[in-house]
Every structure is written in C-alpha cells, then in structure tokens.
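Asks: So that we are looking at the same thing, I have put the structure below in structure tokens.
Nothing in this text is a laboratory measurement; each read-out follows from the coordinates by a stated rule. Predicted model only: the values in this text are computed from it and were never measured. Please note: Cβ atoms are built from the backbone with ideal geometry, for glycine as well, and neighbour counts cover all protein chains shown.
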Amino acid sequence: MKKLILCFLMAGCASAIPDQPTARIEFLAPETYPEGIAYDSISNNYFVSSARLGSVGKVNPAGIYTSVLSDPSLKSTYGVKVHPDGKRLFVCVGDANYSKYTSPETRKKMARLIGISLTTNKITDDIDLSKLVEGKHFANDLTFDIEQNAYVTDSFSNVIYKVSPKGVASVFADSPLFKTEGIGLNGIVYHPSGYLLTVSSGTGAIYKIDLKNPKNVTKVATEQFFINGDGLLLSGNQKLVVVQNGGSDKIYELTSEDNWSSAKLSASTLVADRFTYPATATMAKDKIWIMNAKFSELTDSTSVPSAKFAIQHARLMPLPK
C-alpha cells in the first residue's frame with residue numbers, strides 16, 4: 001500500500017510540471033531578428049528592434065507587426081525603452097555584428113542613442129556616443145533613472161554612458177571590473193534605491209553601480225555566474241530577471257534581501273519552454289515576456305533567414321529553497 005501511495009504522489013508531482021512551451025505572440029517580420037523589446041501600456045503594443053535591418057517595429061497582442069522606423073543607415077538596433085514621458089521610444093543603435101548593411105566605416109565603430117516620437121514615428125533625438133571613449137563600440141542596452149537621465153551600456157568599450165534629459169552625453173562608469181574580451185556589459189536596469197544593476201555577458205557577473213558615486217562599483221555575490229547573460233528586468237525591488245542565451249536559453253529570477261549586495265536564485269524557466277536565443281525581457285501588465293532573437297541562425301551559413309519571430313511568456317518556476 002505504501003508503494004502505491006508513493007507512486008501516486010510521484011505521478012501527481014510529475015503531472016504538475018509543465019511539459020509544453022509557454023504562450024507565444026508570433027509575428028511576421030522577415031529577416032528582422034529583433035533583439036530589444038519594450039511594452040507600452042498606453043498603446044498596448046510591444047516595440048521591437050532589429051539587429052539585422054536596423055529597423056524598429058511594433059507588435060500588437062494579436063501578433064500584427066507594423067513598421068515604426070526603417071532606415072538602413074541605422075545598421076542595427078538593439079535595446080529599446082519607452083521614455084518616462086510616455087511620448088518617445090529610445091533605441092540603442094550600432095553596427096556590432098549582424099547588420100545586413102554593415103560597412104567598414106561603421107562596423108564596431110558606431111554607437112548612438114536615438115529617440116523616436118510615438119505619435120509621428122520621426123526621430124526626435126540622436127546622440128552620438130562613439131567619441132566619448134576610444135576603441136570599439138557596441139551600444140547595447142539602456143535604462144532611465146527617476147530624473148530621466150538615460151544610461152547606456154557599451155559592450156565593446158565596457159563603459160556605461162550617461163545622457164542627460166537635454167541630450168548631453170558623458171562616460172558615467174568605467175571600472176576595471178567591467179573589462180573582458182568579446183561582448184561585455186549588456187543588460188542594465190535602474191533601481192529606485194539609487195543605483196544601477198548591469199550584467200556582463202563575458203564575465204557572467206552582475207554589478208551594482210552607485211548613482212551618486214559611480215566609482216563605487218561592486219560585484220553582486222551570486223551562487224552562479226551568468227555567462228552570455230543578456231537582458232535584465234527589475235520585476236520588484238528585491239527581484240531581478242536575468243535572460244541568458246548562448247546555449248543555455250533560460251530565464252532566471254534572482255532575489256536579494258540585502259539591497260543587492262548579494263542575491264540567490266529563486267526561480268527559472270524550464271527546458272520544455274524551448275526559448276530560441278532569448279535576448280531581452282519586458283513586463284506587460286503582470287506577466288514577463290521575452291524576445292526570442294534567434295541569433296543562432298545568423299551564425300549558421302546554411303540557415304534560411306526567418307520570417308516569423310515570437311515574443312514568449314516567461315513562466316518562472318520557483319526553485320527549492
């Protein structure tokens with residue numbers, strides 16, 4: 001009898017573990033390879049970038065893609081965020097690796113932050129970041145603080161730029177901790193307690209940067225490193241979502257109880273969810289959605305360019321304490 005009861009309990013537990021992928025919003029946008037995503041609650045649209053074409057588009061919940069901005073001179077677009085004023089979309093622009101329109105003049109040299117009017121779809125702001133630091137450049141992701149300053153990660157120069165509301169750009173943080181080969185600083189978020197959190201794809205570490213003293217950079221103590229860590233999303237003051245690709249293709253939730261001096265893994269997605277090179281995350285109402293960038297196709301010379309892409313719900317399953 002005990003064996004029967006044990007088998008029943010084990011079967012019940014197994015059936016409680018989902019074995020199907022989570023919900024997806026699929027949309028047709030041939031050859032775009034979107035990387036960045038930002039949800040706009042006012043229009044109920046997801047704004048997405050394009051590492052391949054340098055365009056910007058929007059996707060409604062029904063999966064209809066509409067072009068917002070198409071300009072081959074932008075080469076590649078990556079991180080996107082709706083400005084705190086709710087009237088503009090800000091986008092990281094560069095020519096890092098996957099652009100169809102790459103050129104010797106711009107490849108690994110371009111780093112721009114552009115603003116786009118959500119009413120007219122016209123460029124309202126265009127800030128050149130490439131002259132602030134010597135060397136290679138890759139403007140990758142951005143965030144805004146409470147005073148509407150923008151902070152942009154450069155994944156090749158491994159610095160964080162600051163752009164004031166008036167468009168004045170400067171180097172905000174440059175730490176020896178950031179230095180690494182290949183792609184470094186990537187996803188970045190602003191914490192209302194007065195600091196930034198950013199992840200390095202190269203070192204796998206998460207760093208905390210004091211807004212009042214950007215020389216005060218510390219490494220958040222975690223149980224594991226997040227090599228190929230990409231987008232970040234602060235889902236609560238004590239909860240951080242980390243998107244990891246490069247083979248892992250999972251989404252993790254970290255929880256901190258000491259103001260991000262340290263953090264522990266509290267939840268993750270499942271292998272059954274089958275993300276396809278997840279890149280960035282956004283919050284839509286009470287759910288977390290992930291942009292599947294499908295970049296693995298761009299490194300495969302035999303691959304036929306995709307026409308269909310998917311925004312996928314991140315089902316975070318609590319981990320044992």
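Asks: Only Lys, Arg, Asp and Glu count, each charged at its Cβ (+1, +1, -1, -1), so figure out the dipole size of segment 129-217 about its Cα centre, rounded to 20 debye. Please list the in-between numbers first.
Replies: Details: 8 positive and 8 negative charges, 28 e Å.
Roughly 140 debye for segment 129-217.
Asks: Give me the distance between the Cα centres of segment 166-183 and segment 229-288, rounded to whole Å.
Replies: Cα centroid to Cα centroid, the span is 23 Å.
Asks: Ok, one more. Sort 273-279, 304-310 by packing, meaning the average of other beta carbons within 10 Å per residue, with the highest value first.
Replies: Numbers: 273-279: 22.1, 304-310: 15.6.
Final packing ranking: 273-279, 304-310.
Asks: Which residue, chosen from MET283, TYR65, GLY187, occupies the Cα position most advanced towards the positive end of the dipole of the chain, where the dipole is computed from +1 (Lys, Arg) and -1 (Asp, Glu) charges on Cβ about the Cα centre?
Replies: In the chain, that residue is MET283.
Asks: A further question follows. Please list, or write none, the lysines whose alpha carbon is within less than 27 Å of the alpha carbon of LYS100, excluding same-chain residues fewer than 8 places away.
Replies: Cα-Cα hits under 27 Å: LYS58, LYS75, LYS81, LYS108, LYS109, LYS122, LYS131, LYS136, LYS294, LYS308.
Asks: What is the spin-label model distance, in nm, from SER193 to SER164 if the labels are put 7 Å beyond Cα along the C-beta direction?
Replies: Modelled inter-label distance: 2.9 nm.
Asks: Taking a ≥ b ≥ c as the square roots of the Cα gyration tensor eigenvalues, with a/c under 1.5 meaning rounded and otherwise prolate when a/b beats b/c, else oblate, which class fits segment 30-173? Intermediate results must be reported in sequence, preceding the final value.
Replies: On the way: a/c = 2.01, a/b = 1.19, b/c = 1.69.
Judged from the Cα gyration tensor, segment 30-173 comes out oblate (a/c at least 1.5, b/c at or above a/b).
Asks: Shifting gears a bit: Which of the three applies to segment 119-177, rounded, prolate or oblate, going by the alpha-carbon gyration tensor with a ≥ b ≥ c and a/c under 1.5 meaning rounded?
Replies: Judged from the Cα gyration tensor, segment 119-177 comes out prolate (a/c at least 1.5, a/b above b/c).
Asks: Along Cα→Cβ, 7 Å out, is where each label goes; now give me the distance between the ones at LYS100 and VAL304 in nm to one decimal.
Replies: So the label points at LYS100 and VAL304 sit 1.6 nm apart.
Asks: Moving on. List, in order, the whole-Hz ³J(HN,Hα) value for each residue of segment 44-57 obtained from phi through the Karplus relation with A = 6.51, B = -1.76, C = 1.60 and θ = phi - 60°; use x for Gly and Pro.
Replies: 6, 10, 9, 9, 10, 9, 8, 5, 8, 10, x, 8, 9, x
Asks: While we're here: Which value in nm describes the separation of the simple spin-label points at GLU257 and ILE123, placed 7 Å from the Cα toward the beta carbon?
Replies: Distance between label points: 5.0 nm.
Asks: To test your reading of the geometry: what angle, between 0 and 90 degrees and rounded to tens, separates the Cα axis of helix 2-16 from the longest principal axis of the chain?
Replies: 20 degrees
Asks: Pick from THR124, THR32, THR102 the residue whose mean-square fluctuation is largest in a GNM of the chain, springs joining Cα atoms under 10 Å.
Replies: Highest fluctuation of the listed residues: THR124.
Asks: Okay, moving on. Name the long-range amide H neighbours of ALA51: under 5 Å, sequence gap of 5 or more, or other chain; modelled H, no Pro or chain starts.
Replies: HN-HN under 5 Å from ALA51: GLU35, THR77.
Asks: Further question on the same structure: Under 1.5 on a/c is rounded, so check that first for segment 136-263, then, if it is not, pick prolate when a/b is larger than b/c and oblate when it is not; a ≥ b ≥ c are the square roots of the alpha carbon gyration tensor eigenvalues.
Replies: On the way: a/c = 1.60, a/b = 1.18, b/c = 1.35.
Oblate.
Asks: Output needed for segment 22-315: three equivalent-ellipsoid semi-axes, defined as square roots of 5 times the C-alpha gyration tensor eigenvalues, in descending order, whole Å.
Replies: Semi-axes from the Cα gyration tensor: 25, 23, 19 Å.
Asks: Which far-off residues, 5 or more places away or on another chain, put their amide H under 5 Å from the one on SER157, with H placed in the peptide plane?
Replies: PHE138
Asks: While we're here: Tell me, what ³J(HN,Hα) does each residue in segment 227-242 have, in order and in whole Hz, if you take phi through Karplus 6.51 cos²θ - 1.76 cosθ + 1.60 with θ = phi - 60° and put x for Gly and Pro?
Replies: Result, rounded to whole Hz: 4, 6, x, 10, x, 10, 8, 7, 8, x, 4, 10, 10, 10, 9, 10.
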